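The values are calculated or read from the model by the stated rules, or taken from the named source; none is laboratory data. Just so it is clear, the structure is predicted and the values come from calculations on it, not from any experiment. Virtual Cβ from ideal backbone geometry, glycine too; neighbours counted across all protein chains shown.
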Amino acid sequence: KEEASRFGIMITDEDDNIIDFEEKPKNPRSTLASMGIYIFTWEKLKAYLIANENDKEASKDFGKNIIPDMREAGEKLIAYRFDSYWKDVGTIDSLWEANMDLINPNIPIDLYDTSWKIYSRNPVMPPQSIGKNAQVQNSMVTEGCVIDGSVEFSMISDGVIVEEGAEILDSILMPGAVVKKGAKVEYAIVGENTVIGENAQIGARPETIEDKDSWGVAVVGNNLTVSGGSVVAPKAIIYENI
């Protein structure tokens, strides 16, 4: 319920006919959120799209225009209750959670299910290298990575370098990120090709923060350099070099 205000919310009758639709309501009347997946009769959809295009005041949006217009016109709209895994990654927290879900054995996602392949771009890089001093636990380490430090409960994208003595915990490292010796990255997202300098501290464990409202996932943007010894606080979002 606490997340429902982020979505288009359907209100249905006992047969799941949609009787009302609310776009990101402050006080949602249900938790039946729109997944953004729709099935229409083409001729019907075409007519509403053309009408929407010709309406200069319309916002050209399915949730704000097309579905409400169809409902007001008395069209038959039926909700399909999806009961498997789905997550909208429109916030920092939900993006972090979605990545952590991939290494959570209690979440019903199997990346290794050959009957349900995931097709995406592959960078075509050498296999990952796990050094003699490395420690890797409950993490995903993709191709092209060189790991000599400690990686726990984290998602490591392609081409990432974690030097000896560096520690990665509950974090996401985007492609090409480099974490230098002695640096700690905890509960954080590090952007593509960003370099975290020696002994820097990115984020922190929630149990180390007295003011729980000040805790959150730390984010360092793409193509940045965080100099040695620097500190990026929990919940901070960094756009420039430090």
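For the stretch 201-231, how many residues are farther than 12 Å from Ile168 by Cα, at pLDDT 95 or above and more than 19 Å from the chain's Cα centre (by Cα)?
Of the residues in that region, 9 qualify.
For the stretch 20-44, what are the residues that are in contact (Cβ under 8 Å) with a residue 12 or more places away in the chain and not in a loop (DSSP other than H, G, I, E, B)?
Asp20, Phe21, Glu22, Glu23, Leu32, Ala33, Lys44, listed by residue number.
For the stretch 181-198, check the following and say yes or no: at least one residue is in contact with a helix residue (DSSP H, G or I) (Cβ under 8 Å, 6 or more places away or on another chain) and in a helix (DSSP H, G or I).
Within the stretch 181-198, none of the residues are in contact with a helix residue (DSSP H, G or I) (Cβ under 8 Å, 6 or more places away or on another chain) and in a helix (DSSP H, G or I).
Yes/no matrix, rows are residues, columns are (1) assigned to a loop (DSSP other than H, G, I, E, B); (2) polar (S, T, N, Q):
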residue	(1), (2)
Ala98	no, no
Ile103	yes, no
Asn106	yes, yes
Asp110	yes, no
Trp116	yes, no
Val124	yes, no
Lys132	yes, no
Gly159	yes, no
Ile168	no, no
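How do the pairs read when you match residues in the stretch 94-107 that are free of Cβ contacts under 8 Å to residues at least 24 places away in the same chain with residues anywhere that are in a helix (DSSP H, G or I), using Cβ under 7 Å and keeping only pairs 6 or more apart or on different chains?
Pairs found: Ile107/Asp101.
If Glu14 satisfies every condition in (1) acidic (Asp, Glu); (2) without any contact (Cβ under 8 Å) to a residue 40 or more places away in the chain; (3) within 30 Å of Asn138 (Cβ to Cβ) but one, which is the exception?
(3)
What is the residue count in the stretch 57-101 for residues that are more than 26 Å from Asp20 (Cβ to Cβ) and either over 11 Å from the mean Cα position of the chain (by Cα) or surrounded by 14 or more Cβ atoms within 10 Å (Cβ to Cβ) (or both)?
Number satisfying all stated conditions: 9.
Could you please find all residues in the stretch 207-226 being surrounded by 14 or more Cβ atoms within 10 Å (Cβ to Cβ), free of Cβ contacts under 8 Å to residues at least 60 places away in the same chain and not β-branched (Val, Ile, Thr)?
Trp215, Ala218, Gly221, Asn222, Leu224
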